[in-house]
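The values are calculated or read from the model by the stated rules, or taken from the named source; none is laboratory data. Just so it is clear, the model here is predicted, and its values are computed rather than measured. Here Cβ is always computed from backbone atoms with ideal geometry, including for glycine, and neighbour counts include all displayed protein chains.
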Amino acid sequence: MRASSLCLVFGLVLLMAWTPEAQPVAAAVPERCCFNFIDFPIPTDKIVSALKTGSKCPAPGVVVTTKKPLEFCVKPDEEWVKKVMNNLETV
């Protein structure tokens, strides 16, 4: 009796692990979000890319990558960020 109960529990756990509902949904998680923002401009000649964060992030942001390569989160409404974004779009 005890062995059959153990097999039943093990079988149910195994079944739950194989069902799609038990799998985490990775598509709902944004790739990159900014939580801390720098408060100084980065020289334009040091920037190689600037990517907007996803719409599911708690705050809008831009991830700026430098030549080093280092990544910084900046606020998209700052003037120097807007200029960088425009310059990178026209290149």
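Residues being touching a Leu at 6+ places or on another chain (Cβ under 6 Å) and hydrophobic (A, V, I, L, M, F, W, C) are represented in region 51-63 by at least one member. Within region 48-73, the set of residues being touching a helix residue (DSSP H, G or I) at 6+ places or on another chain (Cβ under 9 Å) and under 8 Å from Cys34 (Cα atoms) comprises Val62 only. Within region 46-91, how many residues are surrounded by 12 or more Cβ atoms within 10 Å (Cβ to Cβ) and either in a loop (DSSP other than H, G, I, E, B) or touching a His at 6+ places or on another chain (Cβ under 8 Å) (or both)? Going through region 46-91 one residue at a time, the tally reaches 9.
Is there a residue being surrounded by 10 or more Cβ atoms within 10 Å (Cβ to Cβ), polar (S, T, N, Q), under 26 Å from the mean Cα position of the chain (by Cα) and at pLDDT 65 or above anywhere in region 22-43? Within region 22-43, none of the residues are surrounded by 10 or more Cβ atoms within 10 Å (Cβ to Cβ), polar (S, T, N, Q), under 26 Å from the mean Cα position of the chain (by Cα) and at pLDDT 65 or above.
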